[in-house]
Amino acid sequence: MHLGHADVIRRTIAAASQSGAAPALITFEPHPRCVLDPANCPQSITTLQEKLALLEAAGVEHAIVLRFDRALASLGPQEFVEMLGSRMDIRHWVIGFDFAFGNQRRGNAAWLREHGHEVDVVPPFTFEGNALHSSDIRRLINIGDVHEANRLVGREYAMAGPVEAGDQVGRRLGFPTANIAVEPNKLIPALGAYAGRAISDGKEFVAALSVGYRPTFGGTQLRVEAFLLDFEGDLYQHRLELRFIRYLHPDIRFDSPAELVVQLKHDVADTRRIVK
């Protein structure tokens with residue numbers, strides 16, 4: 001879900017209004033490439049749960065999630081359209097310029113029009129003169145440039161999950177953190193410290209975020225955690241959403257916990273300044 005997808009959604013809602021129909025979006029889960037080319041399965045910028053929440057907020061009335069497997073992939077264009085038509089009355093299609101469907105991608109805008117369907121083709125979405133692709137966003141997040149990635153997705157990149165019990169290292173240092181469980185295949189930003197926000201039970205906090213292995217303590221398990229500024233309480237078993245705003249520095253191994261504490265104080269001050 002990025003600015004290009006938001007453009008398709010806006011056009012779909014407008015077309016639905018003109019046609020006296022309801023705006024609906026069809027998506028696949030998992031990503032087709034994860035089934036057809038598992039070695040190159042892309043990590044998810046948005047999980048299915050995140051995607052559905054964003055679609056609802058954007059005004060999409062119906063989200064149809066099709067489980068993508070080899071049986072679905074084997075359907076020809078006519079079989080695929082008939083499958084959809086048996087469940088809904090499709091008045092109008094709004095598709096991206098490179099949209100294709102059916103076995104061997106034989107279905108496209110021309111095929112739909114030849115078979116009597118009304119079709120709007122959305123041209124490539126450009127941002128500051130460049131075509132926007134999900135691969136660009138993944139690359140930026142992979143290198144930690146969440147600030148630029150946020151500009152392309154149109155919101156702050158987020159990860160969410162239930163808060164898990166940790167080993168209390170942060171608490172002993174005076175910086176108690178909340179560790180979240182990461183959903184499978186969710187794209188994780190580059191290792192390091194970030195300025196960001198944390199949202200729990202509808203309340204928002206400025207938060208110093210960390211993605212790493214706690215190298216100062218010889219950690220071997222990847223942790224995604226947050227120190228919530230100006231917060232006191234227990235978040236265990238609560239669902240916590242972390243929003244990444246700015247990369248601060250890489251995951252650093254310090255010679256002593258005291259040196260780590262000094263850096264944490266700098267991170268908290270930088271986070272407060274950047275976010276506020």
*About the Cα centre of segment 111-263, what is the dipole size in debye to 20, counting +1 per Lys and Arg Cβ and -1 per Asp and Glu Cβ, all else neutral?*
260 debye
*Which residues' amide hydrogens lie under 5 Å from the amide hydrogen of VAL122, considering only partners 5 or more residues apart or on another chain, with H built in the peptide plane?*
ILE95, GLY96, PHE97
_Quick check: residue separation of HIS238 and VAL35 times 0.36 nm, minus the Cα distance between them. What number comes out in nm?_
69.8 nm
_If you consider only alpha-carbon coordinates, what radius of gyration and Dmax does segment 196-255 have, in Å?_
12.7, 39
_Using only Cα atoms and rounding to the nearest 10 degrees, what angle (0 to 90) does helix 257-275 make with the longest principal axis of the chain?_
50 degrees
_Linear extension gain, ARG113 paired with GLN18, 0.36 nm per residue minus alpha-carbon span_ = 32.3 nm
*Within the chain, what percent of beta bridges assigned by DSSP are antiparallel, to the nearest 5?*
75 percent
*the chain pair-distance distribution - Cα-Cα, 10 Å bins, rounded %*: 6, 25, 30, 20, 13, 6, 1, 0
*Virtual spin-label span in nm between LEU75 and ARG138, 7 Å along Cα→Cβ*: 2.5 nm
*If the cut-off is a Cα-Cα distance under 17 Å, which lysines reach LYS51, setting aside same-chain residues fewer than 8 apart in sequence?*
LYS186
*Taking a label point 7 Å from the Cα of ILE252 along the Cα→Cβ vector, which residues of segment 203-219 have an amide N closer than 20 Å to it?*
207-219
*Most mobile listed residue (HIS115, HIS62, HIS147) in the chain, GNM with C-alpha springs under 10 Å*: HIS115
*Separation of the VAL65 and LEU191 label points, Cα + 7 Å toward Cβ, nm*: 3.2 nm
_Apply the Karplus curve 6.51 cos²θ - 1.76 cosθ + 1.60, θ = phi - 60°, to the phi angles in segment 217-234 and return the couplings in whole Hz, x for Gly and Pro._
10, x, x, 10, 10, 5, 10, 10, 9, 9, 9, 7, 6, 6, 10, 10, x, 10
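Taking every pair of distinct Cα atoms and averaging 1/r, then inverting, what Kirkwood hydrodynamic radius in Å comes out for segment 3-131? Please list the in-between numbers first.
On the way: mean 1/r = 0.0632 Å⁻¹.
Over segment 3-131, the inverse of the mean reciprocal pair distance is 15.8 Å.
Which value, in Å to one decimal place, does the Kirkwood hydrodynamic radius take for segment 134-275 when every pair of different Cα atoms is included?
On the way: mean 1/r = 0.0660 Å⁻¹.
One decimal place: 15.2 Å for the Kirkwood radius.
Every number here is computed from the coordinates shown, using simple stated rules; none is lab data. Keep in mind that what you see is a predicted model, and the values were worked out from it rather than measured. Note that we place each Cβ from the backbone using ideal geometry, even for glycine, and neighbour counts take in every protein chain shown.
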